[in-house]
Amino acid sequence: MRLLPIPPGMETEAFVMDSGALRDVPELVRRCFQSRRPWIVADDNTWKAAGSALFGILKTAGLAPHEPFIFPAVPMIHADNALTPRLTDAMPFDCVPVSVGGGTINDLVKRASAVTRHRYLCVPTASSVDGYTSYGAAMTDNGLKKTLPCLAPLAVAADTDVLKAAPAPMAASGYADLAAKVAGGADWVIADELGIEPIRADVWELVQKDLRKWISDPSDIGAIFLGLAATGYSMQMYRESRPASGAEHMISHLWEMENLEFKGVPVSHGFKVGIGTLASTALMEWLFNGHDAAWARANARPPRTESERRAEVDGLLSRGCYGAKTGEIAMGKFLSGEALAARRELIFAHWDALAKRTADCLIPFDTLKSMFRAASCPVVPAEIGLDAAQFEHGILAAQLIRNRYTVLDVLDELGLLREAADAVTLRMAGNARASVAAVRG
Ligand SMILES: [Zn+2]
């Protein structure tokens, strides 16, 4: 059994990644779960990909697995907390829940295990998301996309043969979710520079130190899974998704709450995040490369009154699918009067450092776009079924849904978010001339 190192203090105690690692699962059950009877949760596809083989391995090993719980593959299930009772009701007493699947199955099992106070074992079937090893489950809860608190898996068994056999778009999706840490990191840099949320060095290192190496070859599934696992650990360490998620995830969460589909199929997390990452990168470039502090001071819009802001928020949320609390979150972070003036001064005073530090952190938009193309990730909103209006709305409304300081907040506090979103929408559509004009204009 090839156990890989885990950072100290993690909730995850064993991580195996190897060709044929399904065969190591019985030993993990004995070592980490006192030989309790495994209970596999899968869907029709992941049952075929790994669940059925694993069931046989567990049976042969004498671990007497419970009857598995298998979701239908069609219609595709969502990570919605409303599904949690289906698992908690079906979960045998005193079992080892074993998630065999991608991000959705893993999040559902993670949540159900937390509710029933079980620890679980994760068997990923695709290198598609960073959530396998993370603290918390990214789920929709009463319409709002959020991270529900739950412990990370106690053990992970990643069989690289299974990961490599996963459908190509799932691997591409994981690549985009990993590359998103570049822009997400730049958002943390912004919050750090302004003294709003200081960077924690050990957590930062875990994600950022080897990030460029992990994303240097989109065909290296092992490296990508290692990177995704490491970002999961960073969330265990930080107890929050900040080290792995910034504006790009908030933008993607907006489309998630809209149940974005392309050609009748839900768009994967990673593909939405990939488009969000390009958008967020373009927003930072527009703001800090395209403009200096003097320009920002001269062009910042007059402050809005609370009622003006409320009307804006209501307008952005008029579609009504963003959860009951979003309006409150949005108004809770709204600054006016002296608080806004002080924040603006802080941004102007730190402008050059913000520009330098974000540029050091980011992969330039055009380079990133080529990398995504090479990894078969979407690079244009239309490739995930977004028209220009829905894309731009995603940027504007993403600022409302979470109290995590990002480039969206800098832009909103300067009253420049709409202008930046206009420019980025043009640039993302591939209309370079128009976007240059918008930057200059
Ligand atoms: Zn993600």
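None of the figures in this text is laboratory data; all of them are computed from the coordinates on show. Just so you know, these numbers come straight off a predicted model, no measurement behind them. Please note: Cβ atoms are built from the backbone with ideal geometry, for glycine as well, and neighbour counts cover all protein chains shown.
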Worksheet item: Pairs K48/K164; K110/K325; K181/K356; K59/K146; K146/K369; K209/K263: which exceed 26 Å Cα-Cα?
Response: K59/K146; K146/K369; K209/K263
Discussion item. Run lengths n ≥ 4 of DSSP H only: what is the helix-derived mean residue ellipticity at 222 nm for the chain, with -39500 (n - 2.57) per run over all residues, to the nearest 500?
Written reply: -15500 deg cm²/dmol
Worksheet item: Given R₀ = 45 Å, FRET efficiency for K263-E338 by Cβ-Cβ distance, to 0.05?
Response: 0.35
Worksheet item: What is the set of long-range amide H partners of F71 at a cut-off below 5 Å, with H atoms built 1.01 Å from backbone N?
Response: A42, D43, D44
Discussion item. Angle check, please: helix 388-398 long axis (alpha carbons) against the longest principal axis of the chain (alpha carbons), in degrees 0 to 90, nearest 10.
Written reply: 80 degrees
Item to complete: Using Cα centres only, tell me the gap between region 136-191 and region 1-33 in whole Å.
Response: 19 Å
Worksheet entry | Among L317, L411, L163, residue whose mean-square fluctuation peaks in a GNM of the chain (springs only between Cα atoms under 10 Å) | L317
Worksheet item: Given the chain, what whole percent of its Cα pairs are spread farther than 37 Å?
Response: 24 percent
Worksheet item: Considering only the chain, what is the antiparallel percent among its DSSP beta bridges, to the nearest 5?
Response: 30 percent
Worksheet item: By how many nm would the segment from K59 to E328 grow when fully extended, if each residue of separation counts as 0.36 nm and the alpha-carbon distance is taken off?
Response: 91.7 nm
Practice prompt. Could you go through region 371-380 in sequence order and give the Karplus-derived ³J(HN,Hα) for each residue, using 6.51 cos²θ - 1.76 cosθ + 1.60 with θ = phi - 60°, rounded to whole Hz, and x for Gly and Pro?
Written response: 5, 4, 4, 5, 8, 6, 9, x, 10, 10
Fill in: Rg to Rh, two decimals, where region 81-121 supplies the alpha carbon set and Rh follows Kirkwood
0.91
Worksheet item: Relative to a virtual label point 7 Å from the Cα of D210 in the Cα→beta-carbon direction, which members of region 1-29 show backbone nitrogen distances below 14 Å?
Response: 3-8, 15-18
Fill in: Modelled FRET efficiency - R0 30 Å, K356 with I196, Cβ distances, 0.05 increments
0.95
Worksheet item: Relative to the first principal axis of the alpha-carbon coordinates of the chain, what is the inclination of helix 168-193, with its axis defined by its Cα atoms, in degrees from 0 to 90 and to the nearest 10?
Response: 50 degrees
Worksheet entry | Most mobile listed residue (E197, E338, E27) in the chain, GNM with C-alpha springs under 10 Å | E338
Discussion item. Can you compute log10 of I(q)/I(0) for region 14-166 with the Debye formula, treating each Cα as one identical point scatterer, at q = 0.09, 0.12, 0.15, 0.20 Å⁻¹?
Written reply: -0.23, -0.42, -0.68, -1.27
Discussion item. Over the Cα atoms, compute the radius of gyration (one decimal) and Dmax (the largest Cα-Cα distance, rounded to a whole number) for region 246-440, in Å.
Written reply: 16.3, 49
Worksheet item: What dipole magnitude, in Debye to the nearest 20, does the chain give about its Cα centre under +1 on Lys/Arg Cβ and -1 on Asp/Glu Cβ?
Response: 440 debye
Fill in: region 14-166: antiparallel DSSP beta bridges as a percent of all, rounded to 5
20 percent
Worksheet item: Which residue, D409, D210, D177, has the most motion in a Gaussian network model of the chain that connects Cα atoms within less than 10 Å?
Response: D210
Practice prompt. For region 137-223, state which trypsin sites (Lys or Arg not before Pro) are in a DSSP loop and have at most 15 other beta carbons lying within 10 Å of their beta carbon.
Written response: K209
Response to the item:
With the dipole of the chain defined by +1 on each Lys or Arg Cβ and -1 on each Asp or Glu Cβ, the option from I221, A330, A112 whose Cα lies farthest towards the positive pole is A112
